[in-house]
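The values are calculated or read from the model by the stated rules, or taken from the named source; none is laboratory data. What you see is a predicted model; the values in this text were computed from it and never measured. Ideal geometry is used to build each Cβ from the backbone, glycine not excepted, and the neighbour counts take in all protein chains shown. Surface areas here come from the heavy atoms of the whole protein model, side chains and all, with no ligands, DNA or RNA. Shrake-Rupley method; radii C 1.70, N 1.55, O 1.52, S 1.80 Å.
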Amino acid sequence: MMALLLAQRVILEKMGFGAVPSSLKPGVYEHLKDSGVAFLAGDYVPPTGE
(Lines give C-alpha, C1' and ligand atoms only; values in the text may rest on other atoms or scores of the structure.)
Protein backbone atom coordinates (compact mmCIF):
# COMPACT_ATOMS: atom_id res chain seq x y z
CA MET A 1 0.00 0.00 0.00
CA MET A 2 2.85 2.37 0.81
CA ALA A 3 4.44 1.65 -2.57
CA LEU A 4 1.21 2.67 -4.30
CA LEU A 5 1.05 5.92 -2.33
CA LEU A 6 4.65 6.77 -3.16
CA ALA A 7 4.12 5.86 -6.82
CA GLN A 8 1.22 8.31 -6.97
CA ARG A 9 3.37 11.02 -5.38
CA VAL A 10 6.07 10.39 -8.02
CA ILE A 11 3.45 10.52 -10.81
CA LEU A 12 2.04 13.78 -9.46
CA GLU A 13 5.59 15.16 -9.18
CA LYS A 14 5.25 15.71 -5.43
CA MET A 15 8.49 13.74 -4.95
CA GLY A 16 11.19 12.28 -7.13
CA PHE A 17 11.86 8.58 -7.49
CA GLY A 18 15.26 9.14 -5.90
CA ALA A 19 13.54 10.11 -2.64
CA VAL A 20 11.77 6.72 -2.41
CA PRO A 21 13.33 4.50 0.28
CA SER A 22 15.42 1.78 -1.34
CA SER A 23 13.37 -0.98 0.28
CA LEU A 24 10.23 0.32 -1.47
CA LYS A 25 11.75 1.12 -4.87
CA PRO A 26 10.95 -2.26 -6.48
CA GLY A 27 7.27 -1.98 -5.55
CA VAL A 28 7.05 1.66 -6.57
CA TYR A 29 8.73 0.84 -9.87
CA GLU A 30 6.17 -1.92 -10.53
CA HIS A 31 3.31 0.52 -9.94
CA LEU A 32 4.95 3.07 -12.23
CA LYS A 33 5.44 0.40 -14.90
CA ASP A 34 1.81 -0.75 -14.58
CA SER A 35 0.71 2.88 -14.98
CA GLY A 36 2.80 3.29 -18.13
CA VAL A 37 5.17 5.84 -16.64
CA ALA A 38 8.22 3.74 -15.80
CA PHE A 39 10.35 6.50 -17.33
CA LEU A 40 9.75 8.49 -14.13
CA ALA A 41 12.10 6.05 -12.37
CA GLY A 42 14.99 7.32 -14.47
CA ASP A 43 17.74 4.75 -14.95
CA TYR A 44 16.53 2.49 -12.11
CA VAL A 45 16.88 -1.21 -12.87
CA PRO A 46 14.79 -3.47 -10.63
CA PRO A 47 16.66 -6.33 -8.94
CA THR A 48 16.33 -9.74 -10.49
CA GLY A 49 15.01 -12.70 -8.54
CA GLU A 50 18.35 -14.50 -8.67
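Data for the structure
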quantity	calculated
Rel. contact order, % - alpha carbon contacts under 8 angstrom, at least six apart, the chain	38 percent
Label-to-label distance, nm, for residues given as S35 and K14 (7 Å Cα→Cβ offset)	1.0 nm
Net charge over other residues, Cβ less than 14 angstrom from the Cβ of I11 (K, R count +1; D, E count -1)	0
Rg and Dmax of the chain, Cα atoms only, in Å	9.8, 33
Per residue accessible area of the chain, 1.4 Å probe, in Å²	69 Å²
Local net charge near G27, Cβ-Cβ under 15 Å (Lys/Arg +1, Asp/Glu -1)	+1
Protection proxy ranking of 27-37, 9-19 - average other beta-carbon atoms within 10 Å, highest first	27-37, 9-19
